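Report on the structure given below.
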Amino acid sequence: MSKIRVLPDSVARKIAAGEVIERPASVVKELIENSLDAGAQRIVVEIAQGGRARIAVTDDGEGIAREDAVVAFQPHATSKIRDDRDLCGISTLGFRGEALPSIAAVADVELWTCQREADVGTHVLLRAGKPVVVEDAGAPAGCRIEVRDLFNGTPARRKFLKAPPTEASHVAQLVGRFALARPEIGFELRQDARAAVTFPPAGRRERIRRVLGAEIEEEMREVELEAPVRVSGFVSHPHVALASPRSILFFINGRLVRDRLLQHALMAAYATLVPRGRYPAAVLLLGVPPEEVDVNVHPMKLEVRFRNGQAVHEAIGRAVRDALRTRAASTEAARVGEGEPVYSPASIAPDRSAAPAARALRLLPAPAVGRSMPLPLEAPGPFSSLRVVGQVFDGYLVCEGEGELWLIDQHAAHERVAFERLRAARQRGRVERQAMLIPQPVEVAAGEAELLTGAADELAACGLEVEPFGDRTLLVRTVPALFPATSIAPLLRALTADLAEVERSHALEARSDALLATIACHSVVRVGQKLGETEMRALLTAMDEIESNSNCPHGRPVARRMTRAELERRFGR
Ligand code: ADP
Ligand code: MG
């Protein structure tokens, strides 16, 4: 007796639909993508009961011809590609011809459409995937697709739907993401009786403000890279440290994607800037030639494969680092919480007196050696314009800025200075090293020696030359001249931990940043060290000379600020 049978069409379609339509937000996603592919300028999304009861998407796009209106609901019916060759260069959001049939397999669907030049429109009603009404209808140019009683015939799926407010929030988040991707398009979201949320056509910055909020928008830096991959958009200043990666969005050729490579590249660029487990906000748009990226990987088209992932990874890293590196970024870097920026270039005369002082701090070399970019002559930076009040707990500087009280973590600050200088030296091609008078043998644990000698080239690029010397002993020949570590054995132990943790992947730059951060950490003043006036001044001056100065290389903040108003408020004035 045979056991295998071919499933009836209706069951096969429900199974296929399951891959595309998971919840109301997936219906909305597919319908919005169709509207965008149809050239819509305005898209209205309506949902009732979180989308379970009703979802409607209305657009002013090109509409569907009468003869296509029923065909569009057949599996694998699409106007977007013709044959398999077209799969290599997809420029539309849709191409699989699966959305409309999938939706019709799990809900009742009604379509009203009219093409711009047509005399009359079309109305189609489908139940259980079958057209039961096809007729003339007066309809505005564009498409309106209404989906009712989602998953009514598929109790297995319906059971997994969350409460309406949760489903509604997924829809709202999705509409926000499309709004971020396409700021020139007007979007509107109507939910039950609630007031409509509108996104009128706008610039991208304005859209970010509307979708992610003014607080994040104000911290956004523009990203712009042309080659080898076009990367544009915005990333947040490192002092935005969010608890989840929810505000990190990637679009490839206008398509929202979820991609580990992209996420990794972004986080690597922030590696020394935000604390572990914290995330920046980012809206990054990649322009990749369609033949360089395969979008046909996932039924929901959320995942992609790049032909040259390494190039994309590097491009994102470079674009993000450039955006964060600007002088403007570091000037505002210290602005934590409220208050006016302390620094108004026109009003403050350059304070050159601090420069010789830099030489006085034993651990801070003369600026000419380690400076990573020229000091702008027109104005002192935000740190050097502070008045030093003193040091507390042998670890924190207390300073007065214009209308603000500043507290500076001396170790975090010095660590950042050391890190930035070492990194700049490495980028210039060489970290100056200092040969040990007598090469120093350091004993390490089993396994550690191997890790360290395996990374000997990378360590040498950081100024640290080590070589194997017996089983569990390493010989240290040179240390970085700029910041000789105070004691070598603990440094090597920490470096081993870095090497074990940072995967040997594409992120070579992130990896050597991690090593430099550790070297910096082991080379600088500790909390618990008294600093004299000249040393404090030297540290502040040095802070202004580096490219990025808001956080220590492990992401902890360098400075905390309180405005005079805040201080007075606390005293009930
Ligand atoms: P795909 O988008 O992958 O082509 P769909 O099942 O989503 O497949 O849609 C099938 C076809 O229906 C599309 O190729 C398109 O021609 C047409 N279509 C769907 N939605 C719209 C719309 N809003 N405006 C115009 N045409 C549409
Ligand atoms: Mg589609």
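Since every read-out is calculated from the coordinates, none of them should be taken as a lab result. Quick caveat: nothing in here was measured; it's all calculated off a predicted structure. All Cβ positions, even for glycine, are placed from backbone atoms using ideal geometry, and neighbour counts span all protein chains on display.
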> If you place +1 on the Cβ of every Lys and Arg and -1 on the Cβ of every Asp and Glu, how big does the dipole about the Cα centre of segment 26-177 come out, in debye to the nearest 20?
Replying inline: 800
> Of the listed peptides 433-441, 554-562, what is their order by residue-averaged count of other C-beta atoms within 10 Å, with the highest listed first?
Replying inline: 554-562, 433-441
> Over its Cα atoms, what ratio of radius of gyration to 2.2 N^0.38 Å does segment 517-559 give?
Replying inline: 1.20
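What order, most packed first, do the peptides 98-109, 278-289 have when packing is the mean number of other Cβ atoms within 10 Å of each residue?
98-109, 278-289
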> What does the convex hull of the Cα atoms of segment 113-244 come to per residue, in Å³, rounded to a whole number?
Replying inline: 217
>> Quick check: convex hull of the Cα atoms in segment 402-446, volume per residue, rounded to a whole Å³?
In response: 180
> Evaluated at 4 °C with a viscosity of 1.567 mPa s, what Stokes-Einstein diffusion coefficient in µm²/s does segment 450-501 have when Rh comes from the Kirkwood expression over alpha-carbon pairs?
Replying inline: 116
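Over the chain, what relative contact order in percent results from Cα pairs under 8 Å that are six or more residues apart?
12
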> Where does helix 533-545 land angle-wise versus the long Cα axis of the chain, in degrees 0 to 90, nearest 10?
Replying inline: 40
>> Placing one identical point scatterer on every Cα of segment 73-143 and ignoring solvent, what is log10 I(q)/I(0) from the Debye formula at q = 0.16, 0.23, 0.27, 0.28 Å⁻¹?
In response: -0.69, -1.02, -1.09, -1.11
>> As an exercise, find the ratio Rg/Rh for segment 141-202 from alpha-carbon atoms, using the Kirkwood inverse-distance average for Rh.
In response: 1.04
>> With +1 assigned to the C-beta of every Lys and Arg and -1 to the C-beta of every Asp and Glu, and no other charges, what is the dipole magnitude of the chain about the Cα centre in debye, to the nearest 20?
In response: 1100
> What are the radius of gyration and Dmax of segment 49-110, computed over its Cα atoms and given in Å?
Replying inline: 13.5, 42
> Where a Cα-Cα gap under 16 Å defines reach, which lysines qualify for residue 130, not counting those fewer than 8 residues away within the same chain?
Replying inline: 14
> Which whole-number percentage describes the relative contact order of segment 67-135, with Cα contacts under 8 Å and a sequence gap of 6 or more?
Replying inline: 27
>> In Å and on Cα atoms, what radius of gyration and Dmax does segment 219-259 show?
In response: 11.6, 32
>> Relative contact order for segment 131-217: what percent, with Cα pairs under 8 Å and sequence separation of 6 or more?
In response: 17
>> Across segment 451-570, what fraction of all alpha-carbon pairs, as a whole percent, falls in each successive 10 Å bin from zero upward?
In response: 11, 36, 30, 15, 7, 2, 0
> What FRET efficiency comes out for the pair residue 3/residue 118, r = Cβ-Cβ distance, R0 = 45 Å, nearest 0.05?
Replying inline: 0.30
>> What's the whole-number percent of alpha carbon pairs in segment 158-308 lying beyond 28 angstrom?
In response: 24
>> Modelling each spin label as a point 7 Å along the Cα-to-Cβ direction, I'd like the residue 162/residue 193 distance in nm, to one decimal.
In response: 2.4
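Starting from the eigenvalues of the Cα gyration tensor, five times each then square-rooted, give me the equivalent ellipsoid semi-axes of segment 1-131, largest first, whole Å.
Numbers: eigenvalues 128, 72, 48 Å².
Output for segment 1-131: semi-axes of 25, 19, 15 Å.
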> Roughly how large, in nm² to one decimal, is the mean projection of the convex hull of the alpha-carbon atoms in segment 236-329?
Replying inline: 6.2
> Farthest toward the dipole's positive end in the chain, which of 132, 287, 165, given Cβ charges of +1 (Lys, Arg) and -1 (Asp, Glu) about the Cα centre?
Replying inline: 165
> Quick one: which of 265-273, 474-482 comes out on top by average Cβ neighbours within 10 Å, and what's the full order, highest first?
Replying inline: 265-273, 474-482
>> Can you give the Rg/Rh ratio of the chain, where Rg is from the C-alpha atoms and Rh is the Kirkwood radius?
In response: 1.08
> Can you give the extra length, in nm with one decimal, that the chain gains between residue 227 and residue 489 once fully stretched, where that is 0.36 nm per residue apart less the Cα-Cα distance?
Replying inline: 90.0 nm
> Taking the Cα centre of segment 1-153 as the origin and placing charges on Cβ (Lys, Arg +1; Asp, Glu -1), which of 145, 4, 109 is farthest toward the positive end of the dipole?
Replying inline: 4
